[in-house]
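The structure appears below as structure tokens.
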Amino acid sequence: MARRPNYGQQRAEVNRGKQAKQEAKRREREAAVAERRTGREEMAAPEAPAPMPPPVRGPAAEKAKPMARQRDDGKWVLFDVTYADGSRRSNRKVPAELLGGLDGDDPARAEIEAQDQRIAEASGKPAGQILSLVRSRTA
């Protein structure tokens, strides 16, 4: 289509045509949504709706699927470790067969220090000094 000398008027007509087409499409979508809603209302029982669960906030909201709950098979004991720099690591795993003797939780300290040493070698950062070691509470 050749452009005429009155380009501004011709462009305005094209824009009005686009606007009308968009409005018609929007009305069709709204009509389809309204039709689906009436279909749902007819199919739905007249009972009160179930209460909605509270919205999920924080890091859990970013997960696509919930993680499976892990069972406690007794092979591991979890510890919360506090370091000299004030940092804390929760749920550090120690094999259960290392514990339970007369030494109490001292073997767990040696195992966690060994784990920290392996982590330090892999990351290139020095391992921190352990201040305290406490068994994690289980829920």
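Anything in the stretch 88-139 that is over 11 Å from VAL77 (Cβ atoms), touching a Pro at 6+ places or on another chain (Cβ under 8 Å) and part of a loop (DSSP other than H, G, I, E, B)? List them, or say none.
Scanning the stretch 88-139 gives a single hit, GLY101.
Residues in the stretch 35-44: is at least one in contact with a strand residue (DSSP E or B) (Cβ under 9 Å, 6 or more places away or on another chain), modelled with pLDDT of 85 or more, among the acidic types (Asp, Glu) and not in a loop (DSSP other than H, G, I, E, B)?
No: zero hits.
Given (1) over 31 Å from the mean Cα position of the chain (by Cα); (2) modelled with pLDDT under 90, identify the lone condition not met by LEU131.
(2)
The values are calculated or read from the model by the stated rules, or taken from the named source; none is laboratory data. This is a predicted model, so every value here is computed, not measured. No Cβ is skipped: glycine too gets one built from the backbone with ideal geometry, and neighbour counts run over all protein chains shown.
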